[in-house]
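The values are calculated or read from the model by the stated rules, or taken from the named source; none is laboratory data. No experiment lies behind these values; they were computed from the predicted model shown. Quick reminder, even Gly has a Cβ in these numbers, built from the backbone with ideal geometry, and neighbours come from all protein chains shown.
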Amino acid sequence: MTNILRAGFFYFLGVFTMGFILGALRQFFLVPYTGPVIAVLIELPLILVFAWYLCRWLTSRLRISPDHYGRLVMGLVAFSCLIIGELLISVLLQAGGLADFFLTFDLPENRIGLGGQIAFALFPLIQGYAETSARR
């Protein structure tokens, strides 16, 4: 169980860091020229490809079993940490409150981002299914 929690935390940490970097680049270089929705649509595949390979590397490195339970827990830990991290950034750096954080999901670009975050959370489970199918 410890490896599963560790994998979920490191999965979050890697993707959160990459998302922070790409998000800053998106805001400064893409949004002024493309608008927020197109900018997110350009950024999203990059972060998801990174997340896919990081997930594969972590599950292999930490020897996470392809069973559904472990992979689901890994994804939920990573997703929970990601939402908490974004909430903290929203509250601390943008001087918003909890309600303001949830109101941001009213914007189309943030709904697209949430879809990407859900996909990120499901990657461990999807990869576990693929590993199980390949063994059969």
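Residues in segment 80-104 that are modelled with pLDDT under 95 and touching a helix residue (DSSP H, G or I) at 6+ places or on another chain (Cβ under 6 Å) were compared, and the one that is surrounded by the fewest Cβ atoms within 10 Å (Cβ to Cβ) is LEU87.
None of LEU103, LEU122, LEU87, LEU92 is touching a Phe, Trp or Tyr at 6+ places or on another chain (Cβ under 7 Å), part of a helix (DSSP H, G or I) and of a type outside the set (S, T, N, Q) except LEU87. Give segment 26-46 a look and list any residue that's touching a residue at least 12 places away in the same chain (Cβ under 8 Å) and either among the hydrophobic types (A, V, I, L, M, F, W, C) or in contact with a strand residue (DSSP E or B) (Cβ under 6 Å, 6 or more places away or on another chain) (or both), or say none. Within segment 26-46, LEU30, VAL37, ALA39, VAL40, LEU41, ILE42, LEU44, LEU46 meet the criteria. Listed here are the helices (runs of 4 or more DSSP H) enclosed by segment 1-79 that have at least 1 residues being surrounded by 18 or more Cβ atoms within 10 Å (Cβ to Cβ): 2-25, 36-61. Pairs only if they're at least six apart or on different chains, beta carbon under 7 angstrom, first in segment 47-70 and at negative phi and of a type outside the set (Asp, Glu), second assigned to a loop (DSSP other than H, G, I, E, B) and modelled with pLDDT under 95; list them, first residue then second. Here the result reads GLY70/ILE64, each pair linking segment 47-70 to a residue that is assigned to a loop (DSSP other than H, G, I, E, B) and modelled with pLDDT under 95.
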